[in-house]
Amino acid sequence: MGMGMFDGKAAVITGGAHGIGRATAEAFRREGAAVHIIDIRPGDWFVGDVGDRETLERFAEHVVRESGRVDCLINNALPLMKGIDACGYEDFVRAQLVGVVAPFYLTKLLMPHFAPGASVINIVSSRDRMSQPQTESYTAAKGGIAALTHAMAVSLAGRARVNSISPGWIDTTDSVITGADAVQQPVGRVGKPEDIAELVLFLCSAKAGFITGENICVDGGMTRLMIYHGDHGWTYHPGPEPEG
């Protein structure tokens, strides 16, 4: 992609201080966009909790005051992951506030300021279609935002395109991952934040102008890999029987 693709445009990224969010922010800056980040971590961005209504309202006002327009909104903030054994009511609600309510409400707050050709990208997870044990709060949030994506795509028709990306295993620690963790994946490696960031740029660009309401799973092919007992040297060992 050429330099300056987003010159004069404004991108908004939640959870933009680390991992996929940071890589996406860097990619937008590289292409000339003004980037507005909100993250709960301290730093030189708008510091705040996207699970709080008043904070979202203040952040939206900040974006409009600074840029006056929104071309790309990336809902990326990470919800809490706890399973049904340990997750209480407040934890579960908290995960939905960050993972589903915040993307909905921030989109609602900013949509009067969407520029022509605006795009909303929701970062979901391959857990929207498969699970490990004890992940209910996170998985429910990711399933919710996946469904929210196609609903908003229909409601915002003519105002913004809305798509989602479901990453698989994305290493955010700059580690060199080898061995089974890498070669088990059909592409032969673990994902990088840049793999997601580049797709975000494409989906926000005019090149993707005929794509809306879609979810793209970027997981190195793992959700297409059928595994049964005995495949690839893998064997199933059931856990202990539940007590009681």
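How big is D, in µm² s⁻¹, for segment 151-244 by Stokes-Einstein at 4 °C and 1.567 mPa s if Rh is the Kirkwood radius over C-alpha pairs?
79 µm²/s
Can you grab the distance from the C-alpha centre of segment 181-244 to the C-alpha centre of segment 114-179, Å, no decimals?
13 Å
Work out the charge dipole of segment 10-233 with +1 on the Cβ of Lys and Arg and -1 on the Cβ of Asp and Glu about the Cα centre, then indicate which of T139, S175, G158 is farthest towards its positive end.
Going by the Cα projections, it comes out as G158.
Skipping prolines and chain starts, which residues have an amide H placed within reach, meaning under 5 Å, of the one on S166, given they are 5 or more residues away or on another chain?
Counting only residues 5 or more places away or on other chains, the set is V124, I216, C217, V218.
Per-residue ellipticity at 222 nm for the chain, helices alone: DSSP H runs ≥ 4 residues times -39500 (n - 2.57), over residue total, nearest 500 deg cm²/dmol? Intermediate results must be reported in sequence, preceding the final value.
On the way: 7 runs with 80 residues, N = 244.
Calculated from helices alone, the mean residue ellipticity at 222 nm is -10000 deg cm²/dmol.
How big is the convex hull of the Cα atoms of segment 71-129, per residue, in Å³? Please report the intermediate quantities before stating the final value.
Details: hull volume 4.7 nm³, N = 59.
So the per-residue Cα hull volume is 79 Å³.
What list do you get for S126, S137 if you sort them by fewest beta carbons within 10 Å? Can you show the working numbers first?
On the way: S126 19, S137 25.
Least crowded to most crowded, the residues run S126, S137.
Roughly how many debye, to the nearest 20, is the charge dipole of the chain about its Cα centre, given +1 on each Lys and Arg Cβ, -1 on each Asp and Glu Cβ, and no other charges?
With only Lys, Arg, Asp and Glu charged at Cβ, the dipole is about 820 debye.
Sorting W234, W169 on the 10 Å Cβ count, fewest up front, what's the list?
Starting with the residue having the fewest Cβ neighbours, the order is W234, W169.
Under 5 Å between amide hydrogens, which residues at least 5 positions from A115 or on another chain qualify, with H placed 1.01 Å from N in the peptide plane?
Answer set, sorted by chain and number: V70, D71.
Among the lysines, select those whose C-alpha is under 23 Å from the C-alpha of K142, and discard any that sit fewer than 8 residues away in the same chain.
Output for K142: K82, K108, K192.
Only the coordinates and a few stated rules stand behind these numbers; no lab work does. In this text the structure is predicted, and so the values were computed from the model without any measurement. Counting neighbours? That spans all protein chains shown, and the Cβs are built from the backbone with ideal geometry, glycine included.
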